[in-house]
Every structure is written in C-alpha cells, then in structure tokens.
Amino acid sequence: MATAASMMPIFGQQISSKNDLVPDWSREEVSTGTTIMAVEYDGGVVIGADSRTTTGAYIANRVTDKLTRIHDRIYCCRSGSAADTQAIAEVVSYQLGFHSIELDEPPLVETAANLFRASCYRYREELMAGILVAGWDRRKGGQVYCVPIGGMLVRQPVAVGGSGSTYVYGFMDSNYKPGLNKDQCLELTASALSLAMERDGSSGGVIRLASISEEGVERRVILGNQLPKFSTH
C-alpha cells in the first residue's frame with residue numbers, strides 16, 4: 001500500500017498533463033515534404049509536383065496544390081515548410097504585381113526569381129523553403145530557376161527538389177536530354193514524380209502538371225490510379 005500511495009502523485013501528474021492528451025503529430029510543423037520538378041523546352045516550361053502535405057508522419061492533406069501562380073505566366077513549385085513557402089509566394093506575387101503595373105508590361109521570370117532569392121536569403125535563418133521558379137517571358141522564353149534553402153539562385157534547364165528528389169537524380173541523368181519537346185517533357189516529369197512517390201514516404205497523392213508558354217498555362221492532373229507504374233510490387 002505504501003508503494004501504491006507513493007506512486008499516486010506521479011500518476012496524477014501524468015494524466016493532468018495536457019501534452020499527454022495531444023497526439024505527437026499535431027505538434028509537428030506542417031511540411032510539404034515533397035517532390036517538385038521543372039523542365040525547360042523550346043518555347044516554354046513544364047512544371048510538376050506531387051500533392052502530399054505532412055505533419056510528421058501524419059498526412060495532413062493528400063491533394064495539395066504545390067504549383068503556385070505568381071503572375072500570368074510565372075509559377076513556383078514549393079517545398080519545405082508549408083507556412084513559409086505560402087507566405088513567400090504571396091509576398092513575391094504582391095511585389096511582382098506592383099512591378100508589372102509600374103512597367104506597364106508583364107514581368108520577367110528572372111525578376112520573380114530574384115525576388116524569391118532576396119526573401120529566402122534575407123530570412124535564411126528563420127525560413128525553411130526550397131523554391132523552383134518557372135515561366136515564360138518575351139525576352140528569354142521559357143526559364144527555370146532554382147532557389148534552394150539558404151537563398152542561392154541558379155538557372156537550370158531541368159531542376160528537381162524536395163525530399164523525393166534524391167530518388168530520381170539517376171533517372172533524370174539517364175533520361176533527360178537537351179532539345180526535348182513539350183510532350184516529352186510532360187512524360188519525363190510524370191515518370192520522375194511517379195518514381196519518387198513510390199519510394200519517398202513524404203511524397204504521394206496525385207501528380208499536378210502545368211505547361212507554360214506564350215499561349216498561356218495548361219494544367220492537368222494524373223490521379224493515383226493513373227500513375228505510371230515501374231515496380232512489380
């Protein structure tokens with residue numbers, strides 16, 4: 001009895017703690033642990049992403065849209081903290097809108113990329129955001145810019161990002177070749193994203209694709225039961 005009595009205060013403390021009644025995943029940061037991709041082709045760009053958003057091991061949203069419109073022909077693909085990337089995208093969209101009004105013409109993709117770079121570098125200690133900026137303008141045509149965590153900026157003909165990207169670098173090295181047309185880029189992007197979604201626990205859901213060119217933006221969705229299959233399991 002003495003032993004039981006001595007344990008009572010400890011037991012009382014355990015059940016009175018609010019944290020013990022809250023599941024672990026609810027205290028995790030909402031993250032777009034993800035796979036994102038962008039490819040240049042002659043006349044435009046193709047961008048794509050999975051749709052899974054997680055809080056720790058819990059899937060918070062299985063149909064997230066990670067292809068975010070910044071201007072008419074400029075989009076970004078978001079990876080990292082969902083809150084951080086959404087906030088940066090909204091700020092850049094606001095700044096680019098004013099810039100376009102001042103110039104009285106559509107903004108450049110490079111300008112949008114530099115605005116992302118400035119915010120990601122200035123707040124590099126506070127933010128967790130990896131961004132791919134892609135779009136089309138009259139000066140340079142289709143362009144892809146990579147802004148990884150830390151605020152670096154580099155233009156690349158093809159870029160992949162997010163937690164699932166490590167699973168598809170070999171696939172991209174083997175299958176990407178300069179001079180691909182729009183349909184080939186769409187097929188390459190869908191295949192790479194499907195491979196990453198098979199292996200990466202933080203990637204999944206559906207595949208969202210978009211092609212951006214002088215004609216505008218064309219979007220499509222590949223549902224889970226329509227994804228390209230590579231493995232036998």
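Given Cβ point charges of +1 (Lys, Arg) and -1 (Asp, Glu) and nothing else, what value in debye, to the nearest 20, does the dipole of the stretch 46-190 about its Cα centre take? Walk me through the numbers before you get to the answer.
Numbers: 15 positive and 15 negative charges, 50 e Å.
Around 240 debye, computed over the stretch 46-190.
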Q. Residue-wise, which Karplus ³J(HN,Hα) couplings in Hz belong to the stretch 71-79, taking 6.51 cos²θ - 1.76 cosθ + 1.60, θ = phi - 60°, and x for glycine or proline?
A. 8, 3, 10, 10, 10, 10, 9, 10, 9
Q: Take the alpha carbon atoms of the stretch 85-129, find their center, do the same for the stretch 57-73, and report the distance between the two centers in whole angstrom.
A: 18
**Q.** Set of aspartates and glutamates near Lys229 by C-alpha distance (under 14 Å), chain-local residues within fewer than 8 positions excluded
**A.** Glu187, Glu198
Q: Might you report the magnitude of the Cβ-based charge dipole of the stretch 123-233 about its Cα centre, with Lys and Arg at +1 and Asp and Glu at -1, to the nearest 20 debye?
A: 180
**Q.** Amide hydrogen neighbours beyond the local backbone of Gly43, cut-off 5 Å, H modeled
**A.** Gly142
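Where a number appears in this text, it was derived from the coordinates with a stated rule and is not lab data. Only a predicted model underlies this, so the values are computations on that prediction, with no experimental measurement involved. All Cβ positions, even for glycine, are placed from backbone atoms using ideal geometry, and neighbour counts span all protein chains on display.
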